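Working notes for the structure below.
The values are calculated or read from the model by the stated rules, or taken from the named source; none is laboratory data. Quick caveat: nothing in here was measured; it's all calculated off a predicted structure. Every residue, glycine as well, gets a Cβ built from its backbone with ideal geometry; the counts of neighbours run over all protein chains shown.
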Amino acid sequence: MTTINKSDAVQALQDAGNLDALYRAIAPLNMTPGWIEREKPLLRPEPDTGFLPTHWRYSDCKAALDAASRLINTDLAERRNMVLRNPAEGNDYATTKTQVNAYQTILPGEEARSHRHTPHALRVIIEAEGSFSVVNGDKHPMETGDIVLTPGWSWHGHGHDGDAPAYWLDGLDVPLTALLEPMFFEPHPDGYAKVDRVTPDSPYRFTWETIQARLDGASPDDEGYFGRRIGLEADEMPTIAITVERLEAGQATRRYRHSANTVFSPMMGAGTSLIGDHEFSWGRGDCVAAPIWHWIEHRAEEDTVLFSMSDENLMRYANYYRFEGAE
Ligand SMILES: [Fe+2]
């Protein structure tokens, strides 16, 4: 005859005479009832992000960078950048749920040390002549109007051979990497990686001229949600979808919302965007965050070239993607 020893926990469960006793009994077993009401329900009719539509003016960010240039050098600040922290409650640094953007500056003669990390990065160059990146030993220019890529785990550092401060907008998927947790970071053992080759036509660099030529050949969007629009190839960094669209002065896009987080930055022009119930008037170099499932509409007051980055690829991969257009 065998004796079954019941654990105290099992005994407590068998003795539970009401739900409160059941809840107390399961707590030490690391369980929670699936049926209780939670402050924020696990399943919801539609996305309910805490992230807010937000607008950052390039002129403000540039002034902040210029102040930082007076106060800290690239020995102390490996990257002299200002992170665009969404004012969402409890948010520390992310611009949207999955992306972070930052404005960065480097002064003539400075070098920003080389490092590598699993998050993918891109840069939209706002004002720069003579600045460059060294990616895996390849030195390529970063000049006004360029969009450059730094796929995850590539060694990368920056430098500047020009005469005036260089400014750009960084975009990375750091919050996504932090959420999923495969975060790895490594400083380069030599500090500044040496240049093996000079590659102005790097596949990681899309020049303003290249982008404009491709936009010239792009078809208009029949449904009116976008201007003439191209996607930039970034196969090594599939978490970030990169598009550039052209809006003519006076052109308004048809309102849509989609289950992706999007950040816009006008590379040229001026206009207004409605993001949810926020209206933002923007100019060249600004940044606008459109969190998931907020209505989006743009109105160009001048001929505009609008950069955007989003996690749409990721949403599509997961079969989560939805797009809804206004009537
Ligand atoms: Fe980096």
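Computed values, structure above
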{"read-out": "Any hit, segment 307-323, residues being among the hydroxyl-bearing types (S, T, Y), surrounded by fewer than 23 Cβ atoms within 10 Å (Cβ to Cβ), part of a loop (DSSP other than H, G, I, E, B) and not assigned by TED's automatic domain parsing to the domain that holds E127", "value": "yes"}
{"read-out": "Complete set of residues in segment 21-68 that are over 30 Å from W295 (Cα atoms), in contact with a strand residue (DSSP E or B) (Cβ under 6 Å, 6 or more places away or on another chain) and crowded, with 16+ Cβ neighbours inside 10 Å", "value": "L65"}
{"read-out": "Residue list for segment 63-83, restricted to those being within 16 Å of the ligand (Cβ to nearest atom) and part of a loop (DSSP other than H, G, I, E, B)", "value": "T74, A77, E78, R79, R80"}
{"read-out": "Those residues of segment 148-198 which are away from the ligand (no atom under 12 Å from the Cβ), hydroxyl-bearing (S, T, Y) and within 21 Å of N136 (Cα to Cα), in sequence order", "value": "Y192"}
{"read-out": "Where a residue in segment 211-234 is closer than 28 Å to T150 by Cα and its partner, wherever it lies, is among the basic types (K, R), with Cβ under 7 Å and at least six apart", "value": "L215/R228; L215/R246; A218/R228; A218/R229; G227/R246; R228/R246; I230/R214"}
{"read-out": "Hits in segment 285-327 - residues which are charged (D, E, K, R), in contact with a helix residue (DSSP H, G or I) (Cβ under 8 Å, 6 or more places away or on another chain) and within 18 Å of R229 (Cα to Cα)", "value": "D311"}
{"read-out": "Unmet requirement for D20, which otherwise passes all of (1) at pLDDT 95 or above; (2) of a type in the set (D, E, K, R); (3) under 30 Å from A102 (Cβ atoms)", "value": "(3)"}
{"read-out": "Matching option when the condition is buried (at least 22 other Cβ atoms within 10 Å of the Cβ) and either closer than 27 Å to V135 by Cα or not assigned by TED's automatic domain parsing to the domain that holds A102 (or both), among H258, H294, H278, H298", "value": "H298"}
{"read-out": "Leading residue by the ranking (nearest to V244 (Cα to Cα)) among those in segment 106-131 that are away from the ligand (no atom under 15 Å from the Cβ) and touching a Lys or Arg at 6+ places or on another chain (Cβ under 9 Å)", "value": "I126"}
{"read-out": "Residue, nearest to S259 (Cα to Cα), within segment 3-47, restricted to residues that are among the basic types (K, R) and part of a loop (DSSP other than H, G, I, E, B)", "value": "R44"}
{"read-out": "Test: residue in segment 201-218 that is under 21 Å from the mean Cα position of the chain (by Cα), at pLDDT below 95 and surrounded by fewer than 18 Cβ atoms within 10 Å (Cβ to Cβ)", "value": "yes"}
{"read-out": "Pairs, first under 15 Å from R205 (Cβ atoms) in segment 111-128, second near the ligand (Cβ under 10 Å from one of its atoms) and of a type in the set (V, I, T), C-beta under 6 Å, six or more apart", "value": "A121/T150"}
{"read-out": "Close pairs from segment 307-327: first among the acidic types (D, E), partner surrounded by 13 or more Cβ atoms within 10 Å (Cβ to Cβ), Cβ under 6 Å, at least 6 apart", "value": "D311/T98; D311/A260; D311/N261; E312/A241; E312/A260; E324/R257"}
{"read-out": "Qualifying positions in segment 112-122 - surrounded by 24 or more Cβ atoms within 10 Å (Cβ to Cβ) and touching a Phe, Trp or Tyr at 6+ places or on another chain (Cβ under 8 Å)", "value": "S114"}
